[in-house]
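What follows is a set of notes on a single structure, which appears directly below.
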Amino acid sequence: MVRVLGKELRLPDLARPQAFDSQLRSTRLTSQLGGALGVAFMTCFLTGLVSHLIQHPPAWFSWPSRPVGLYRFTQGLHVATGLACTPLLGAKLWSVYPRLFERPPLRSVGHAIERASIAALVAGALFQVVGGVINISRWYGALPYFFTVGHYWVAWLTIGALLTHIGVKLGIARGSLVRSDVIDHKAGLSRRGLLTTVAAAAGVITVATVGQTFSPLARVSLLAPRRATTGPQGLPVNKTAAGAAVGAQALDPSYRLVVAGPRREISLSLAGLAALGQHTVILPIACVEGWSASGTWSGVRLRDLAALVGADPDGASAEVESLERAGRYRASTVPPSHLRDGLTLIALKLNGAALHLDHGYPARLIAPNRPGVLQTKWIGRITIRNTGEAS
Ligand SMILES: Nc1nc2c(c(=O)[nH]1)N[C@H]1C(S)=C(S)[C@@H](COP(=O)(O)O)O[C@H]1N2
Ligand SMILES: [Mo]
């Protein structure tokens with residue numbers, strides 16, 4: 001015997017439609033849950049798409065460098081709405097549980113499409129949430145696919161299934177939302193009670209996550225593996241210098257930053273970099289995994305380096321390469337929108353001291369409104385090209 005939602009059940013009963021029977025089930029409840037899930041899902045999908053486009057920009061796409069914290073917000077929202085889908089999806093599935101046992105299972109082609117879309121939707125949603133949580137927990141080995149590629153394509157599949165499902169159900173849902181069903185619920189939870197519980201669960205999950213980016217909530221953030229203030233110099237570390245195998249080269253006194261441009265190539269020692277005009281900016285690192293943390297960075301403006309090598313500071317892009325030999329995030333491209341922005345620095349200092357080795361010593365990129373994966377650490381070489389696109 002097990003107790004489920006206040007009822008005594010024998011395990012074999014769970015596979016029967018009566019298993020979780022409840023007076024609360026109604027088309028209206030399912031529609032209300034569906035509406036909330038639809039909003040959370042769409043928000044999650046669109047913010048995820050933005051993040052993908054920034055990292056793999058097609059020719060038509062450009063992302064501005066201001067407001068500086070926009071990506072921090074959209075990506076925080078992506079992770080929070082994704083996690084909030086879990087209780088919503090659970091409740092919605094519960095609300096239609098008996099219908100999974102309908103006979104005949106497929107009545108018509110339309111019915112078959114409808115059921116297939118639900119199966120794809122549920123499978124896709126679970127895949128995304130489970131994969132996302134595993135990725136945030138940095139348990140990368142547990143995933144049999146490369147996370148960002150799988151996550152991206154399954155997102156399209158799932159959203160396709162969602163749109164099919166909405167197309168099929170919209171009429172029914174609309175009708176049920178304007179009408180109010182009469183349910184007799186003398187005992188147990190009311191529909192409002194159930195919806196409040198689900199909303200509370202989604203809220204708790206959100207709070208438990210956003211603390212990794214919003215420090216007043218950090219202490220209650222159980223689902224946030226990274227605290228915004230832990231790590232050297234008060235900032236979390238994603239990949240360490242040891243993990244990237246760059247320690248020896250980064251600490252070598254003969255280190256030079258090579259900057260190549262249309263007119264010349266220069267090679268700067270740390271003293272040479274320090275002799276150039278220094279600027280200080282306050283900018284966040286906003287990791288795709290949802291955590292973010294602000295730091296005070298000082299260093300040389302990338303646009304000043306562009307001018308030094310004969311590129312147009314207002315119409316050039318830069319390829320920034322790490323000393324790291326392999327590794328997916330060893331290089332990034334700075335588009336003209338970010339290169340021309342005076343907040344984009346080759347940072348030498350963080351929070352008043354020389355960069356910690358794990359934060360990218362001797363020099364790292366820090367730019368406004370940009371995912372953490374593109375803030376390249378331990379820079380060895382920068383190649384700047386004119387694009388002909390001036391502001
Ligand atoms: N060369 C290199 N730079 C890198 C990475 C990396 O793996 N290699 N990781 C990136 C990621 S995913 C993030 S979130 C930020 C984190 O910067 P931090 O460790 O200084 O907080 O660094 C970025 N820069
Ligand atoms: Mo990251």
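Calculate how large, on average over all directions, the projected area of the Cα convex hull of the stretch 39-96 is; give the answer in nm² to one decimal.
Over all viewing directions, the stretch 39-96 projects a mean Cα-hull area of 4.8 nm².
For the stretch 232-386, build the charge dipole from Cβ charges (+1 Lys, Arg; -1 Asp, Glu) around the Cα centre, then report which of A275, Q233, S292 sits farthest towards its positive end.
A275
Spelling out what I want: for every residue of the stretch 63-76, take phi, set θ = phi - 60°, compute 6.51 cos²θ - 1.76 cosθ + 1.60 (Karplus), and round to whole Hz; glycine and proline get x.
Listing the rounded values in order: 10, x, 8, 10, x, 4, x, 4, 5, 4, 6, 5, 6, x Hz.
Throw me the Rg/Rh for the stretch 232-386, computed over C-alpha atoms with Kirkwood Rh, two decimals.
Working: Rg = 14.0 Å, Rh = 15.2 Å.
My calculation puts Rg/Rh at 0.93.
Specify which residue in the list A347, L89, S317 is farthest towards the positive end of the charge dipole of the chain, using unit charges on the beta carbon of Lys, Arg (+1) and Asp, Glu (-1), about the Cα centre.
Going by the Cα projections, it comes out as L89.
What dipole magnitude, in Debye to the nearest 20, does the chain give about its Cα centre under +1 on Lys/Arg Cβ and -1 on Asp/Glu Cβ?
Roughly 860 debye for the chain.
Please list, in chain and number order, the residues 5+ apart from L348 or on another chain whose amide H is under 5 Å from its amide H, with Hs placed from the backbone.
The answer is S298, G299, V300.
Per-residue HN-Hα couplings for the stretch 360-374, Karplus 6.51 cos²θ - 1.76 cosθ + 1.60 at θ = phi - 60°, whole Hz, x for Gly and Pro?
Going residue by residue, I get x, 3, x, 8, 9, 7, 9, 9, x, 6, 8, x, x, 4, 9 Hz, with x marking Gly and Pro.
Report the Cα centroid-to-centroid distance between the stretch 323-345 and the stretch 96-149 in angstrom, as an integer.
Between the Cα centre of the stretch 323-345 and that of the stretch 96-149, the gap is 36 Å.
Work from the charge dipole of the chain (Cβ charges, +1 for Lys and Arg, -1 for Asp and Glu, about the Cα centre) and give the residue of F101, A155, I384 farthest towards its positive end.
Towards the positive end, the residue furthest out is F101.
Which translational diffusion coefficient, to the nearest whole µm²/s, is obtained for the chain from the Stokes-Einstein equation, given a Kirkwood hydrodynamic radius over C-alpha pairs, 37 °C and 0.692 mPa s?
138
Nearest 20 debye, what's the magnitude of the dipole of the stretch 232-386 about its Cα centre given +1 on Lys and Arg Cβ and -1 on Asp and Glu Cβ?
Numbers: 16 positive and 11 negative charges, 27 e Å.
So the magnitude is around 120 debye.
Return a single number: how many Lys pairs in the chain, at a sequence separation of 8 or more or on separate chains, have alpha-carbon atoms below 20 angstrom apart.
Going through the chain pair by pair, I get 6.
Keeping all protein chains in place and using 1.4 angstrom, which order do H111, H56 fall into by accessible surface area, from largest down? The partial results should precede the final answer.
Numbers: H111 10, H56 110 Å².
Listed by decreasing accessible area, they come as H56, H111.
Hey, any idea what % of the stretch 232-386's accessible area is carbon plus sulfur with a 1.4 Å probe?
Solvent-exposed carbon and sulfur of the stretch 232-386 make up 52 percent of the total.
What accessible area per residue, rounded to a whole number of Å², is obtained for the chain using a probe radius of 1.4 Å?
49
Per residue of the stretch 121-133, in order, report the coupling 6.51 cos²θ - 1.76 cosθ + 1.60 (Karplus, θ = phi - 60°) as ³J(HN,Hα) in whole Hz, putting x for Gly and Pro.
5, 5, 4, x, 4, 5, 4, 5, 5, 5, x, x, 5
The values are calculated or read from the model by the stated rules, or taken from the named source; none is laboratory data. Values in this document were obtained by computation on a predicted structure and should not be read as measured data. As a convention, Cβ positions derive from the backbone with ideal geometry for all residues, glycine included, and neighbour counts pool all protein chains shown. Quick note on the areas: whole protein, heavy atoms, side chains included, nothing else; ligands and nucleic acids left out. Shrake-Rupley method; radii C 1.70, N 1.55, O 1.52, S 1.80 Å.
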